[in-house]
Amino acid sequence: MMYQLKSASRIALYTATSALALTTATFAADLSLMISDTDGKAGLVTEMAERYSAANPDVKIQLNVVGYNVIREQLSLQLEAGTGPDMAFVTNLGGLNPHYVDLTPHVDAAAWEEAYGAVLPWYRAGADSGIFGYHTEMTVTGPYVNLTMFEEAGVEVPAPGATWDNWADAAQAVMDGTGSYAGMVMDRSGHRMAGPAMSYGASYFADDGKLVVDDGFKEFSQKMLDWHASGLMPPDIWPAVSGSKYANGNEMFFNQDVPFYMSGSWNTGNVQSNVGDKFDWAVAPVPCGPAGCGIMPGGAGLVAFKSGDAAKEEAAAKFIDWMAAEDQAREWYTKTYAIPAHAKLQAEGLDYVGAGASESVASGLSAFTAMAAAAAEQTPQAYQLQGSPVGFVVYNATVQYLGSALNGELSLDEAMTKIQEELDTNANQ
């Protein structure tokens, strides 16, 4: 799909109106934009690109809609080979930093710092400065619960502060009472597991700053083994998929195969559109462990990649600057049901219901926003991990080797050793 977009020589500063200020300078460039549409956001990118195109017809943007695994596993290889896109929505925020265009020369840096200062360090990979991406979605991990299944089984939904064991017992009771396929499912993702592991004391970082797997990480890993062995967790997600590949539990939750789904705030709109009125659902406070209630922040961002073509890089930077301006950011966050990373919009709040969200979605986003506010206090290592340029090494190693333990190829001790070896080889250099 192709859209005619024109870049202005200056995008408006982050004022209340976010007006687009044009000068007489123009240039032409053909830009490619890679996006995964697993959460249904490509349509809004289309609408916004067409609106930008109407005012600026000199730059072409080609949307390349791919599966999330392409971005997660292949994008870095494409960039290394010089065959990557000009822009993309990414989640490996710090890890791809060497390929980013620094937007600073093309934007009002002070305004960006004011609006997005809390998350800009996640893109810098340890550097002190630079503006490398528009954080299109502030996320936290947390559970979705099928309230209808709990009601049918006559099981009370655990109260805030309930432990992982409390939730496992409740999910098992719902599974027994309804005959569901499983009781709990978690996306096959090291990022998704990180918060729960932290609730059992996983530090992820040693005193010298190196990534480690420790007793807390191992304790929650054992929980995963036990839950899979008992059938509480299904074999279809973590054990069944090979290597470090990502898999989600969306369909299992949508089809009422499980009453408890550990996913995250980015999935709220997707849940609404797929569940509809089939059952009542809610976002529950994240379960807790002996070390607290582990909350893992994260998100996605729109970035531009170096191409060696200064005009293309500037054109991409200008488009991203326009997307990040207050008016466009408000529209984006509201329509995608995302927690805003823009400081002013966070403080004001967004009218999700007015944008078509159900009360369940609005309530869920409020719950996720509360979790996000608590994350820095409860699990400070989560923010450190999210901003680490080698965070995806531990995420991928977790999935690969814990997955091997779950399908019987490795013992848990062997899996822990393999994960640490992977960290020492690829992260702790």
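Values in this text are rule-based calculations from the coordinates and carry no lab data. Just so we're clear, the structure is a prediction, and the values are computed from it rather than from any experiment. Glycine also receives a Cβ, built like all others from the backbone with ideal geometry; neighbour counts cover every protein chain displayed.
Worth pointing out:
- In a simple Cβ point-charge model (Lys, Arg +1; Asp, Glu -1; nothing else charged), the range 180-325 has a dipole of about 160 debye relative to its Cα centre.
- Each of LYS278, LYS218 was scored by other Cβ atoms within 10 Å of its Cβ. Arranged with the fewest first, they read LYS278, LYS218.
- Under 5 Å, built H, 5+ apart or other chain: amide partners of TYR204: VAL212, ASP214
- Unit Cα scatterers, Debye sum, the range 135-243: log10 I(q)/I(0) for q = 0.12, 0.15, 0.21, 0.22 Å⁻¹: -0.49, -0.74, -1.24, -1.31
- Cα gyration tensor category, rounded, prolate or oblate, for the range 273-429 with a/c compared to 1.5: oblate
- Within straight-line reach of LYS218, meaning a Cα separation under 13 Å, sit the following aspartates and glutamates at least 8 residues removed in sequence or on another chain: ASP226, ASP413, GLU414.
- Prolate is the label for the chain. Its Cα gyration tensor axes, ordered a ≥ b ≥ c, give a/c of at least 1.5 and a/b above b/c.
- Of the residues GLY154, ALA315, GLY201, the one whose Cα sits farthest toward the positive end of the charge dipole of the chain, with +1 on the Cβ of Lys and Arg and -1 on the Cβ of Asp and Glu, is ALA315.
- Net dipole in debye of the chain [+1 Lys, Arg Cβ; -1 Asp, Glu Cβ; about Cα centre; nearest 20]: 860 debye
- Taken about its Cα centre, the range 258-337 carries a charge dipole of roughly 200 debye when the Cβ of each Lys and Arg holds +1 and the Cβ of each Asp and Glu holds -1.
- The ranking of LYS344, LYS41 from fewest to most other beta carbons within 10 Å of each one's beta carbon is LYS344, LYS41.
- Selection of GluC sites (Glu not before Pro), the range 93-161, meeting DSSP coil and at most 15 other Cβ within 10 Å: GLU156
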